[in-house]
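Each remark here refers to the structure printed beneath this line.
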Amino acid sequence: MSRRARVATFMALALVVLCGVTAYAVASAVRYHRTHDRPPTVATVTDDAAVDAMSEPRILFRHTGIDERYGRVAVVSLVDPGGARAFTPVSCDRVYATSEVESCLRTERGVVTEYSLTEYDDRWHQLQQVPVPGIPSRTRLSPDGSLVATTTFVSGHSYMQVGFSTATEIRDVDGDSHGDLEKFDLVLLGRHVVPRDRNVWGVTFGPDDNTFYATVGTGGETYLVRGDLRARTLTSVADDVECPSLSPDGTRIAFKQASRRDGRTWWTPAVLDLAHGRRTVLSGETRDVDDQIEWLDRDTVLYGVGREDEPGVSDVWELDTSSDARPRLLIEQAWSPAVVR
Amino acid sequence: MASAVVTLGFVSMVTDISSESVAAILPLYLTGVLGLSTISYGFVDALYHGVSALVRIGGGWAADRGGHPKWVALLGYGTSAVARVFLLFSTGLSAIATVVAVDRVGKGLRTAPRDAMIADASADADRGRAFGVHRALDTTGAAIGPLMAFAVLWWIPDGYLTVMVISLGFALLGVALLGLLVPDRSASAPRPARRPATWREVARPALVKLLTLAGVLGLLTVGDGFIYLALLDRGGFAAHWFPLLYVGTNLAYLSLAVPFGRLADRVGKGKVLVAAHVALLGSYLTAAFAWWVTLATALALLLLGMFYAASDGVIAALASRLSADHVRASSIAAAQTVVAVARMASSAVFGVLWFLLGPQAALVAVGAALLLVLPIAFTAASSLDREPTPAP
């Protein structure tokens, strides 16, 4: 082939590739905008009703229906969680709420993609927005809404460093950070340790604005630690506990328990009695549950499960904390539930 | 500048757009769409690096033995393009990990033959600049890839598959560009009758000296990931821009690659290679003593970019200079493998230091060791610059 023929062949090929790729991209954009322009398929109420919904006991969550409201924070009444939802003006990847404050982790899309934590008051006025270093994973508020915790995945950004670590910090709402929890003094099984591979994730707060619980991972093991914010210490109280969630009466921890299945990690909801150390694995739930569990009431927990056949869509399920209970669908097309009493 | 060098630069540019666009969105895709959380996710990085290093040696060897570096490079680029096709159908973590591994095999295979082609297409006095041009284009691709990927996700929020299709398109363009428009042998420099390559000829004393130098310096080279984490540790500006720090490094790298390549041609490639590590030392100290985090972050990225600009292409040019024509790809592969393995070991050791001493003290410790080694390295490098080019 002469040089000229080669150049012509390359040009023709480049044109084919360019047209093919462009056609594919435009088709996916059209498909995306078609599916995300339609109204929700679930029952909704008007946005005015959201204001009323925000004043009674409620569940806030991220709406995950593939429609024009995808990613919006929605509210249902606690007395009728399966009923019509009201949409708030805010979109979040992860959301948590108390009666006065909402915390919202968000991916700020753009040519420059960043991640943020935004704190809102109960009228969705922004209190503060701060950057977080990685992909949103968990957020929790202390019961009185004065402290906020965030966990994000800090990822490598080249082929040479594929892999994750977590960044977890506690902040004063509308105030400053208490710093990365990895820098707190760590006491595992009664001994001060400084492992180089430690990761901290999944904070849950006690009622006193000082005590909290979290998971510490190191050396392939995970530990439930009790944190003391003022003393800046983390002390292990149990092992094999991930993403703890303290019950409203402060006596039990709901969490996800890891096991191996088909060569990968599989998480099952479980409950730990803090006083007696008794743990109940809720094996009535047979699916893999990767969420920080939320308490609906004394005997029921909530969590999100992604739909297998519909990427991006998930539902919130409720599960009784007796060992053989079966999960029931509570809120469809929902993720990241927060119960506000 | 030989047109083959520029064309190879464009091959690398579109290939880097292809690989870096996917690499940038992979974490979001794995967590957001596949719903994997951090701990379930255990890429065996060291294994892949090991495989990649072995393949790299193999690629250089095959290029020399067969005498057709282009076909070995084409096999490498082709392997990565095929991996992109499979990526479109991979849904599980293990499938994606396999595809990434295959992609790395392709990368390992193609690097040394391609660098040998760049060396073949240019005279020794001009090679620093030739590699500089190539690395500048290559890094331009690495800078464009992630930005393009995020722009697509901005336009189509669930468009991960679209990014992968675009990535495949760029990979195919790279293969076609290499296959159709890069000549196998430089027409201007016809080779003497081919002699079979042997390891004895690769391991000439001068090259062994270079490998030793590169190995020692590599052992004191902390990955830029650690520098970014040290800056993140200081909070503020670095935390806000963390996902973008590597773009800053790449911008400095691509704009300085050609000037530093020319400098290497003028003052000596060995000297510039060692001087690169002075910039590296500067980046350690800047990250360690970041009093004014915004300025320190910008300065550390600039210094890191300078380090890559003055080392990555320059070491390939130097290895080319110290090797006979018929073992050139093997010699370049040997130098690059030594650097990769030494840096891997360095990262493992530095990880331990980081948690024993903390980021600041660990960086200062490695920096101090580097400072001690630099004068000796400079003497050794100067003598390498005086080495005569081996007879073909």
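The values are calculated or read from the model by the stated rules, or taken from the named source; none is laboratory data. Please read all numbers here as calculations on a predicted model, not as lab measurements. Cβ coordinates were reconstructed from backbone atoms using ideal geometry, including for glycine residues, and neighbour counts include every protein chain displayed.
Yes or no: residue A:187 among the aliphatic types (A, V, I, L, M), within 22 Å of residue B:226 (Cβ to Cβ) and modelled with pLDDT of 85 or more? No.
Condition (residue is under 25 Å from residue A:17 (Cα atoms) and buried (at least 24 other Cβ atoms within 10 Å of the Cβ)) applied to region B:63-75: is it met by at least one residue? Yes, region B:63-75 contains at least one residue that is under 25 Å from residue A:17 (Cα atoms) and buried (at least 24 other Cβ atoms within 10 Å of the Cβ).
Step by step: first the residues of region B:115-169, then only those that are hydrophobic (A, V, I, L, M, F, W, C), more than 8 Å from chain A (Cβ to nearest Cβ) and not in a helix (DSSP H, G or I), then the one that is farthest from residue A:92 (Cα to Cα). Which residue is that? If we take residues in region B:115-169 being hydrophobic (A, V, I, L, M, F, W, C), more than 8 Å from chain A (Cβ to nearest Cβ) and not in a helix (DSSP H, G or I), then B:123 is farthest from residue A:92 (Cα to Cα). Taking the stated definitions as given, is residue B:173 within 9 Å of another protein chain (Cβ to nearest Cβ), aliphatic (A, V, I, L, M) and surrounded by 24 or more Cβ atoms within 10 Å (Cβ to Cβ)? Criteria met by residue B:173.
Could you say whether any residue in region B:279-293 is within 14 Å of chain A (Cβ to nearest Cβ) and surrounded by fewer than 21 Cβ atoms within 10 Å (Cβ to Cβ)?
Yes, region B:279-293 contains at least one residue that is within 14 Å of chain A (Cβ to nearest Cβ) and surrounded by fewer than 21 Cβ atoms within 10 Å (Cβ to Cβ).
Does region A:41-54 contain at least one residue that is part of a loop (DSSP other than H, G, I, E, B) and among the charged types (D, E, K, R)? No, every residue in region A:41-54 fails to be part of a loop (DSSP other than H, G, I, E, B) and among the charged types (D, E, K, R). Of all residues in region A:258-286, those satisfying the criterion of being out of contact with any Lys or Arg (no Cβ under 8 Å at 6 or more places or on another chain) and either within 19 Å of residue A:141 (Cα to Cα) or polar (S, T, N, Q) (or both) are A:259, A:265, A:280, A:283, A:286.
Can you tell me which residue among B:12, B:19, B:3 is under 20 Å from residue B:337 (Cα atoms) and at pLDDT 85 or above?
Unique residue meeting the criteria: B:12.
Among the residues of region B:341-348, is there at least one that is under 27 Å from residue B:198 (Cα atoms), among the small types (Gly, Ala, Ser) and either crowded, with 18+ Cβ neighbours inside 10 Å or in the same structural domain as residue B:54 (by TED's automatic domain parsing) (or both)? Yes, region B:341-348 has at least one match.
In the condition set (1) over 13 Å from residue B:230 (Cβ atoms); (2) more than 14 Å from every other protein chain (Cβ to nearest Cβ), residue B:365 is compliant with all but (1). Screening the candidates A:79, A:111 for the property of being in a loop (DSSP other than H, G, I, E, B), within 14 Å of chain B (Cβ to nearest Cβ), β-branched (Val, Ile, Thr) and without any contact (Cβ under 8 Å) to a residue 40 or more places away in the chain yields one hit, A:111. Scanning region B:358-383 for residues that are surrounded by fewer than 14 Cβ atoms within 10 Å (Cβ to Cβ) and farther than 27 Å from residue B:271 by Cα returns a single hit, B:361. Which condition number in (1) within 30 Å of residue A:317 (Cα to Cα); (2) within 14 Å of chain B (Cβ to nearest Cβ) is the one that residue A:38 fails? All conditions are met except number (2). Scanning region A:289-314 for residues that are in contact with a Ser or Thr (Cβ under 8 Å, 6 or more places away or on another chain) and surrounded by fewer than 19 Cβ atoms within 10 Å (Cβ to Cβ) yields A:298, A:299, A:300, A:307, A:312, A:313. Does residue A:325 count as modelled with pLDDT of 90 or more, assigned to a loop (DSSP other than H, G, I, E, B) and either farther than 20 Å from residue A:141 by Cβ or in contact with a Ser or Thr (Cβ under 9 Å, 6 or more places away or on another chain) (or both)? Here the answer is yes, as residue A:325 does meet what is asked. Within the option set B:120, B:126, B:115, B:158, being touching a residue at least 12 places away in the same chain (Cβ under 8 Å), surrounded by fewer than 20 Cβ atoms within 10 Å (Cβ to Cβ) and either touching a Cys at 6+ places or on another chain (Cβ under 6 Å) or closer than 21 Å to residue B:4 by Cβ (or both) holds for one residue only, B:126.
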